[in-house]
Amino acid sequence: MTFSVLKCPNCGKEFSINRNKYTCDRCGNILDVYHHDMEYSTTAMKGVWKYKNMIHPEIPHSKIITRGEGDTNLYRSQRISEYAGIQNIHLKHEGENPTGSFKDRGMTVAVSEAVRLEFNKTLCASTGNTSAAAASYSALAGIDSYVMIPGKNISSNKLFQAVSYGANIVDIEGDFDTAMADVKQALEKTRDFYVLNSLNPWRIEGQKTIIYEIMEKLKPDFISFPAGNLGNTSAFGKALMDLKSLGKIEYVPRLVAIQAEGASPFYEYMHGDKNSITPVRAETIASAIRIGNPVNYKKARRSIEFSNGIVERVSDDEIMSAKRVIDRSGIGCEPASAAALAGVLKLRNSGVIDSSDTVASILTGHLLKDVSFMPEYKTLGVSDIF
């Protein structure tokens, strides 16, 4: 029978899942959720919780907080294929989740775990998408939500979501990394809050299901996605490890983590010779990945190494060029999402990706998540069309 523990990926020490501390007491690394004797099996539920037995097998169904997240669409577009120079490219749109981003997949699991542990307050730092998802799922669970937001570095649309769902807004000076540091300090002072940032390994379990869904429908050579705090990078490698160890896949697609040039500490880390990441002051139009000190970089490295993956970075101009193509294809996404396609184009031009390869690119957020700028357009008079 499958049972779960919290396990340090560095030293291997295991802890009970009934504790609200997600760093190792021995070496300080962020813990994983590890499922002993895991088997591949699905439930009658849809979306994320279809895979309950591989993300949280022991949680009672009565504790699950869900809005039907997951099971998002895969799109193909001739316009996008021509742009990327790859005929068999698919876009998986996580903006179709209930609050408009992939964060809902992790949040349904993490907030359900908060309910199981009988917490009545949740806490997170956010540049927007996390706060929206945390506020929504906490409200659905009847839990008070507190979000630390760098007020000058957040899309008003995302802030509107958090406020509408009833979150308690803590406005801080600085950026996301400052907010994340404040969360860590708060947790050192009190354990009254259940933390919902991606240092929470249950978030990673929910985000694994993006890969489960892709691999059920495609056999991609590459899977590309935006990389900010590296929760998805960590989750996607963990999902591929699951599927490989369970005999569900014979090969491992290469993960392609794309950072913005102005917020690319993971790129520098993976292409350098340092043992730890060097924080940067993040500056990019792609607010969802405007993160200069990602907490999950060690788990993310494990994912890249396991999949023989790639870490690339693209400019804001390249991001916006790709976004225009996605938008004009009738699909649409927020700027950070478009980094996934911009990175594919860069790797296609350099010959790393071939025109005959199959590629899955993950769009992480909805078009309306960030409308701080308006695309260029021209108006027509009646006489122009009749």
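The values are calculated or read from the model by the stated rules, or taken from the named source; none is laboratory data. Note that the coordinates shown come from a computational prediction; the quantities given were computed from them, not determined experimentally. Here Cβ is always computed from backbone atoms with ideal geometry, including for glycine, and neighbour counts include all displayed protein chains. In case anyone asks, the SASA skips ligands and DNA or RNA and just uses the protein heavy atoms, side chains included. Shrake-Rupley method; radii C 1.70, N 1.55, O 1.52, S 1.80 Å.
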Could you list all residues from the range 25-35 that are crowded, with 20+ Cβ neighbours inside 10 Å and either assigned to a loop (DSSP other than H, G, I, E, B) or modelled with pLDDT under 95 (or both)?
-> I30, L31
Any hit, the range 278-301, residues being outside any helix (DSSP H, G or I), open to solvent by less than 10 Å² (accessible area, probe 1.4 Å) and over 24 Å from G100 (Cα atoms) = no
Which of the residues that make up the range 303-317 are assigned to a helix (DSSP H, G or I), open to solvent by 60 Å² or more (accessible area, probe 1.4 Å) and under 29 Å from K238 (Cα atoms)?
-> E305, F306
Provide a single number: the residues in the range 254-275 that are closer than 16 Å to A300 by Cβ, open to solvent by 60 Å² or more (accessible area, probe 1.4 Å) and assigned to a loop (DSSP other than H, G, I, E, B).
-> 3
Residues in the range 323-377 that are farther than 13 Å from L91 by Cβ, more than 23 Å from the chain's Cα centre (by Cα), of a type outside the set (A, V, I, L, M, F, W, C) and assigned to a loop (DSSP other than H, G, I, E, B) total 9
Restricting the search to the range 334-368, which residues are open to solvent by 10 Å² or more (accessible area, probe 1.4 Å) and touching a Gly at 6+ places or on another chain (Cβ under 6 Å)?
-> R348, S355, H366, L367
Search result, residues across the range 36-63 that are in contact (Cβ under 8 Å) with a residue 60 or more places away in the chain and open to solvent by less than 20 Å² (accessible area, probe 1.4 Å) | G47, V48, Y51, M54, I55, H56
Working only within the range 254-290, note down all residues that are farther than 26 Å from V371 by Cα and over 18 Å from the mean Cα position of the chain (by Cα).
-> E268, Y269, M270, H271, G272, D273, K274, N275, S276, I277, T278, P279
Identify, please: which residue in the range 170-194 is acidic (D, E) and without any contact (Cβ under 8 Å) to a residue 24 or more places away in the chain and is, among those, nearest to S138 (Cα to Cα)?
-> D171
Restricted to the range 156-175, and to residues that are more than 26 Å from L117 (Cβ to Cβ) and assigned to a helix (DSSP H, G or I), which residue is least open to solvent (accessible area, probe 1.4 Å)?
-> K158
Restricted to the range 115-135 and to residues being part of a helix (DSSP H, G or I), touching a strand residue (DSSP E or B) at 6+ places or on another chain (Cβ under 6 Å) and not aliphatic (A, V, I, L, M), the residue surrounded by the fewest Cβ atoms within 10 Å (Cβ to Cβ) is T130
When residues of the range 181-216 are filtered for being open to solvent by 10 Å² or more (accessible area, probe 1.4 Å), more than 30 Å from I89 (Cα to Cα) and not basic (K, R), how many remain?
-> 10
Note on the range 9-43: residues among the aromatic types (F, W, Y) and in contact with a strand residue (DSSP E or B) (Cβ under 8 Å, 6 or more places away or on another chain) are F15, Y22, Y34
Just give me the residues in the range 75-114 being of a type outside the set (F, W, Y), open to solvent by 50 Å² or more (accessible area, probe 1.4 Å) and either over 20 Å from A133 (Cα atoms) or part of a loop (DSSP other than H, G, I, E, B) (or both), in sequence order.
-> R76, Q78, R79, E82, Q87
Take the residues in the range 64-74 that are more than 20 Å from G332 (Cβ to Cβ) and touching a residue at least 60 places away in the same chain (Cβ under 8 Å), then tell me which one is most open to solvent (accessible area, probe 1.4 Å).
-> R67
Sole exception among (1) more than 21 Å from V280 (Cα to Cα); (2) aliphatic (A, V, I, L, M); (3) open to solvent by less than 40 Å² (accessible area, probe 1.4 Å) for L246, by number = (3)
Flagged in the range 8-21 as surrounded by fewer than 19 Cβ atoms within 10 Å (Cβ to Cβ) and within 23 Å of the chain's Cα centre (by Cα), in numbering order, are P9, N10, N20, K21
Residue tally, condition over 21 Å from the mean Cα position of the chain (by Cα) and at positive phi, over the range 122-173 | 2
